[in-house]
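Note sheet for the following structure.
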């Protein structure tokens, strides 16, 4: 996908380090539940082409009061709930990590304005080794759920 290549190239250029050049973002998109939503989420696949493991440790954006790294956990009663992942997400050397609906994702809480389909939101991802990567994430509410298939 040309957009993926452009995002990866721009991010690598922005970071300017060898570790940064090893991280690429594929198929990013964001969504919110509706025009009155107070929360939203972003999804993507993070690819590490380097020889060292890395870790996504934080995310930030001006579109909401708080941004956290989240996942879904299912309790002993079979009830799914979202929880913050304070350690972040491991991105293995030569591998990838999918942030997808019903699984790991970037969570925006206290949205300042609705996410509008067709527009973009700016998100900064912070990696343990690669540093910060800022990207424009398109808002797309039409993509079908993947992963575990639970909202988000």
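Values quoted throughout were computed directly from the atomic coordinates according to the rules given, and no laboratory measurement underlies them. Remember, predicted model here, so these are calculated numbers, not experimental data. Heads up, the Cβs are rebuilt from the backbone with ideal geometry, glycines too, and the neighbour counts pull from every protein chain shown.
Can you tell me the length gained on complete extension of the stretch residue 124 to residue 58, counting 0.36 nm per residue apart and subtracting the Cα distance?
Details: separation 66, 0.36 × 66 = 23.76 nm, distance 0.84 nm.
Difference between extended and current length: 22.9 nm.
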Per the C-alpha gyration tensor (a ≥ b ≥ c, the square roots of its eigenvalues), the stretch 30-129 is rounded if a/c is under 1.5, else prolate if a/b beats b/c, else oblate; here it's oblate
Percent relative contact order for the stretch 2-134, counting Cα pairs under 8 Å at least six residues apart, stands at 32 percent
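Taking the number of other C-beta atoms within 10 Å as the exposure measure, put 64, 142 in order starting with the fewest. Kindly include the intermediate steps, with their values, before the conclusion.
Values: 64 21, 142 7.
Least to most surrounded, the residues fall as 142, 64.
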Taking a ≥ b ≥ c as the square roots of the eigenvalues of the Cα gyration tensor, with a/c under 1.5 meaning rounded and otherwise prolate when a/b exceeds b/c and oblate if not, the stretch 48-88 is oblate
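Going by a ≥ b ≥ c, the root eigenvalues of the Cα gyration tensor, does the stretch 70-152 fall in the rounded group (a/c under 1.5), the prolate group (a/b larger than b/c) or the oblate group?
Numbers: a/c = 1.64, a/b = 1.08, b/c = 1.52.
It is oblate, given that a/c is not under 1.5 and a/b is not larger than b/c.
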